[in-house]
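First comes the structure, then the notes that go with it.
What follows draws every value from the coordinates through simple rules; no lab data is involved. What you see is a predicted model, and the numbers here were worked out from it, not measured in a lab. As a convention, Cβ positions derive from the backbone with ideal geometry for all residues, glycine included, and neighbour counts pool all protein chains shown.
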Amino acid sequence: MTGPLAVVSGGTRGIGRALSERLLKLGHRVVALYHANEEEAEAARSALGPGFTALACDVSASAEVTAAVRTLTANHGPVRVLVNNAGLNVDKPFLDLTDDDWHAVLGTNLTGAFLLTRALVPHMRAQSDPVIVNIGATTGIRPRVNGANYCASKAGLMQLTKCLALELAPDIRVNCLVPGMIETEELVTRFHLRDPVARERVIEEIPQRRLGHTDDIAAALEFLVNSAGSYVNGQRLIVDGGQFMW
Ligand code: NDP
């Protein structure tokens, strides 16, 4: 397989899998990092075919990131696109949050992006139009109850995006793609959306009157990584059906 290389953290299921799939369609080879769900990783491998590799790596663990980056660059060469998508929610009232709850969420959502970006940037600079896309969340802007760790991590990721856009320019563009309510297994379970009443209540708050599809986020990623987005840098692109209008 030829074509530029893309790395997608959390690229084996949910939004990340759709992003991996879109990058493959755009002619990239894709290395997806995942944490522990071997079943989803295997399903992605057999569905997405030869240009796709899934590699286990806890992005919150510095040594694992170093080892994974060493392996993937040795096997696949330099990297053009990095998508920091791996994400974790542990929702609890603030005073019930344990140290572990805090560190697991900040570690995956924010430190993970730091570690992976720091390790990959030296392998990206020489590429043609290299791009980093961080996957934020609307709750990084608008807080929600029981989500202090998650909201803080996503707010931090947005500011990290801007700092990187400044420091890595003009070599690498860095943007934050911000999904609204996107229908993944994780979201459906967390918000009890199999219950038609709960689902309707959520949909009523969205001007587009539907949940987002993972393909809606993939389409926005395509814009950011293609030449169409080549003058877009340090921005957040919110894809939420108009739920919040900042
Ligand atoms: P999922 O829970 O469906 O998938 C999460 C992915 O991240 C999995 O592949 C998982 O691997 C991986 N992951 C989790 N922790 C780690 C880790 N420590 N190291 C490496 N990989 C890890 O999430 P979604 O697809 O719903 O969300 C994707 C991103 O979009 C997240 O950043 C999320 O915060 C953000 N987002 C999602 C929204 C939505 O509506 N769905 C809304 C706003 C933001 P494994 O399979 O092995 O567990």
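What to note about this one:
- Over all other residues within a Cβ to Cβ distance under 15 Å of residue 79, the charged ones net out to +4, with Lys and Arg as +1 and Asp and Glu as -1.
- Multiplying the residue separation of residue 38 and residue 226 by 0.36 nm and removing their Cα-Cα distance gives an extension gain of 64.6 nm.
- Distance-filtered residues of the stretch 46-67 - backbone nitrogen under 20 Å, label point 7 angstrom along residue 163 Cα→Cβ: 59-63, 65-66
- Cα-based shape type of the chain, given that a ≥ b ≥ c are square roots of the gyration tensor eigenvalues and the cut on a/c is 1.5: rounded
- Placing unit charges on the Cβ atoms only, positive for Lys and Arg and negative for Asp and Glu, gives the stretch 118-174 a dipole magnitude near 260 debye about its Cα centre.
- Positive-end ranking of 37, 130, 116 along the dipole of the stretch 29-144, with charges on Cβ about the Cα centre, is headed by 130.
- Over the Cα atoms of the stretch 25-84, the radius of gyration divided by the Kirkwood radius equals 0.95; this is the Rg/Rh ratio.
- Residues of type lysines that residue 154 reaches as a straight line, Cα spacing below 23 Å, ignoring anything fewer than 8 places off in the same chain: 92, 162
- Only helical runs count toward this figure. For the chain, summing -39,500 (n - 2.57) over DSSP H runs of n ≥ 4 and dividing by all residues gives -13000 deg cm²/dmol at 222 nm.
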